[in-house]
Amino acid sequence: MAIRFGNRISGPSWTEREVDVNMERNDERAADGAEAPRRTLEVHFKLFGTDGVSLQSQELSKALSARGWRAFSCASDVPPDAEGLTVPELSYQSPDAVALRKRVFSTSEDHPPASDGDSLVMEIIQRAERIRRQVEDYVDAWEIPLLHIRNIMSLPYNLPATLALYNLATERPDIGFLMQHHDIYWEGPNSKNFVTPYHQVNDMMDRIMCPTLPNARHVLINPLAAEALRARKGIVGTIVPDGFDFDRDIPVIDELAFRNQLQVLVGDPRPVGADDLVVAMPARIAINKAIELAIQFVAALNLERTALERAPDGLGLNRRQFSPTSSIVLLLPQGEDLDDNRPYFERLLSYAQQLGIKLAYGGNIVVPDRRFQHDDPDHYPFYGTYRAVDLVCYPPEHEGFGNQAIETVWTKRPLAVLEYAVFKRFVRDHIPHYISLGDTEQLERLKEFGGLHQLRHDILSGAVERAITVLTDHDLERRWTDEDFTALRAFCGMDTVAAEYIRLYTELMGGVGP
């Protein structure tokens, strides 16, 4: 079996690497005098996309490196120039993974025979062993004392991966396992996708999902998830919010070139121009993001365009010279996981067409910052796209934390947000100024378009009025965004978050057995 070190493939003996590896190990131990090297293995289905889990892993890995730790990556998408292990079987989007998931979580109304459940469990066991062996060999080769596992132990998108890591944790008491749960499978709108007709699979899930193990600690990114975990599993987890490096610079891009290269999917076909007002919904295209609410917001804002045209000093941070020929554009910059949500996306396009808005898509030209190459004129780093945005509308119905709210505050753009449960409970007290779209309990449903969510008219009108005020009053916008930046940085700045993870890592490594 071949193991990859960065962009190098080496056989089991790895003789050409032994001297370098041993020197690196000694250096890391000497850094703090500890017995165990300060190393972690970040494990997820994928780690190099623009989804929230990938971005959080990238943020933490960078912060750990600056603090004398070495964070290796383990996922299905580790690129050749990154330090880590590529395990294609960790993907939840591969044809094999999708086919297995469809069989496990069958929606058929027929009652399948019990033997089908037995054969599925055996197949999961066999697939898990291949994954476990690859990960264990890599951990042993690099003497990695701790695995930081994201979502695999709480979302059954790939049960062989969950079982592989569960088996590794039970068989290796000398290794610590920090199991971080961004989402929990029995919570939220996706929970209905994880109902199986097989009691054998249910029994397995009860045993291996969010397990109680002596060498494991559980981390949740919000208190609601922590309460759900304790109620169902009796596990007291540690709450650590998603973190962000507020001191990093926003990548510089050619804003006009980016706008011009966006794909206009609905509305006025002219390229997005310098004087157009761009409202971004920067999250993934997924049903829990309730993107239809952003469509409603842009449509209502467009009805008040006369007030925007009268702004003497332009609109927003970039002072857009909005005129009768300018457009208000809803931008969806991400293409992450679009194929998994295509039916919802098609409903959104039809709805945007009916409301008469202009909708632009950037998924073909926007890439994760870690994959961006500066000599590539046809692609743009995800974080850099915020420079071309005037206001962010972030309306998720259900969210584990809300990375796009953090990013909006960091880039000092005004934020319009639906107050989803975690935002109300955990985040909003740290963002003093935002445009409220109401909360989830105030949402209504459309009769058309498959029952998309709908904002109440009075709430939508008030939000549009506040948006116009902040876009046209530049002193107010600056005060809002500066105070939001300061408050949120104190809550979930990477200095605070990284220190908490280092504490957890140290405790875990100190408590594992031989």
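The values are calculated or read from the model by the stated rules, or taken from the named source; none is laboratory data. All values derive from a computational prediction rather than experimental measurement. Here the Cβ positions follow ideal geometry from the backbone for every residue, glycine too, while neighbour counts run over all protein chains shown. Just the protein is used for accessible areas: all its heavy atoms, side chains included, with ligands, DNA and RNA removed. Shrake-Rupley method; radii C 1.70, N 1.55, O 1.52, S 1.80 Å.
Quick notes
- Helices (runs of 4 or more DSSP H) completely within the range 404-514 that count 1 or more residues being under 29 Å from A307 (Cα atoms) and of a type in the set (A, V, I, L, M): 457-472, 474-492
- Screening T238 with (1) among the hydroxyl-bearing types (S, T, Y); (2) in contact (Cβ under 8 Å) with a residue 40 or more places away in the chain; (3) out of contact with any strand residue (DSSP E or B) (no Cβ under 6 Å at 6 or more places or on another chain) gives one miss only, at (3).
- The residues on offer are S54, S106, and the sole one that is assigned to a loop (DSSP other than H, G, I, E, B), in contact with a Pro (Cβ under 8 Å, 6 or more places away or on another chain) and of a type in the set (S, T, N, Q) is S106.
- Of the residues making up the range 358-375, those that are open to solvent by 50 Å² or more (accessible area, probe 1.4 Å) and either in a loop (DSSP other than H, G, I, E, B) or under 19 Å from E255 (Cβ atoms) (or both) are N364, Q373, H374, D375.
- Complete set of residues in the range 422-452 that are of a type in the set (A, V, I, L, M), surrounded by 18 or more Cβ atoms within 10 Å (Cβ to Cβ) and out of contact with any Asp or Glu (no Cβ under 7 Å at 6 or more places or on another chain): V427, I435, L437, L443
- Residue in the range 160-168 that is assigned to a helix (DSSP H, G or I) and open to solvent by 10 Å² or more (accessible area, probe 1.4 Å) present: yes
- Some residue of the range 449-459 being of a type in the set (V, I, T), over 30 Å from L277 (Cβ atoms) and out of contact with any Lys or Arg (no Cβ under 6 Å at 6 or more places or on another chain): no
- For the range 376-398, the condition holds for at least one residue, the condition being that it is among the polar types (S, T, N, Q), touching a residue at least 60 places away in the same chain (Cβ under 8 Å) and either crowded, with 23+ Cβ neighbours inside 10 Å or touching a Pro at 6+ places or on another chain (Cβ under 6 Å) (or both).
- Residues (open to solvent by less than 40 Å² (accessible area, probe 1.4 Å), in a loop (DSSP other than H, G, I, E, B) and of a type in the set (A, V, I, L, M, F, W, C)) located in the range 169-193: I175, I184
- Considering the range 90-104, and only residues there that are in contact (Cβ under 8 Å) with a residue 24 or more places away in the chain and under 19 Å from G49 (Cα atoms), the residue that is most open to solvent (accessible area, probe 1.4 Å) turns out to be Q93.
- Looking only at the range 279-307, and only at residues there that are in contact (Cβ under 8 Å) with a residue 60 or more places away in the chain and among the basic types (K, R), the one that is most open to solvent (accessible area, probe 1.4 Å): R284
- Only residues that are open to solvent by 30 Å² or more (accessible area, probe 1.4 Å) and touching a helix residue (DSSP H, G or I) at 6+ places or on another chain (Cβ under 9 Å) were counted across the range 234-249, and they come to 5.
- Residues being more than 24 Å from D475 (Cβ to Cβ) and in contact (Cβ under 8 Å) with a residue 24 or more places away in the chain - total across the range 418-436: 8
- Condition check for S350: open to solvent by 10 Å² or more (accessible area, probe 1.4 Å) and more than 28 Å from the chain's Cα centre (by Cα): no
- Unmet requirement for L147, which otherwise passes all of (1) at pLDDT below 95; (2) touching a helix residue (DSSP H, G or I) at 6+ places or on another chain (Cβ under 8 Å): (1)
- Of the residues making up the range 490-514, those that are open to solvent by 40 Å² or more (accessible area, probe 1.4 Å) and either more than 25 Å from the chain's Cα centre (by Cα) or among the acidic types (D, E) (or both) are D495, E500, T506, E507, G510, G511, P514.
- The condition of being over 30 Å from D203 (Cα atoms) and either at pLDDT 95 or above or open to solvent by less than 20 Å² (accessible area, probe 1.4 Å) (or both) holds for only one of R29, R8, R25, R39, that being R39.
- Helices (runs of 4 or more DSSP H) enclosed by the range 265-357 - at least 2 residues per element that are touching a Pro at 6+ places or on another chain (Cβ under 7 Å): 292-302
- Test: V272 is more than 22 Å from Q56 (Cα to Cα) and either of a type outside the set (K, R) or surrounded by 23 or more Cβ atoms within 10 Å (Cβ to Cβ) (or both): yes
- In the range 124-141, the residues that are open to solvent by less than 40 Å² (accessible area, probe 1.4 Å) and either among the charged types (D, E, K, R) or over 27 Å from the mean Cα position of the chain (by Cα) (or both): R132, E136, A141
- Test: I131 is within 26 Å of Q56 (Cα to Cα), of a type in the set (V, I, T) and either without any contact (Cβ under 8 Å) to a residue 12 or more places away in the chain or in a loop (DSSP other than H, G, I, E, B) (or both): no
- Residue check: G117 meets all listed conditions (1) open to solvent by less than 20 Å² (accessible area, probe 1.4 Å); (2) in a helix (DSSP H, G or I); (3) under 21 Å from D339 (Cβ atoms) but one, namely (3).
- Residues considered: L476, L415. Of these, the only one that is open to solvent by less than 60 Å² (accessible area, probe 1.4 Å), farther than 24 Å from L349 by Cβ, among the aliphatic types (A, V, I, L, M) and touching a residue at least 12 places away in the same chain (Cβ under 8 Å) is L415.
- Residue list for the range 205-227, restricted to those being hydrophobic (A, V, I, L, M, F, W, C) and either assigned to a loop (DSSP other than H, G, I, E, B) or open to solvent by less than 10 Å² (accessible area, probe 1.4 Å) (or both): M205, I208, M209, C210, L213, V219, L220, I221
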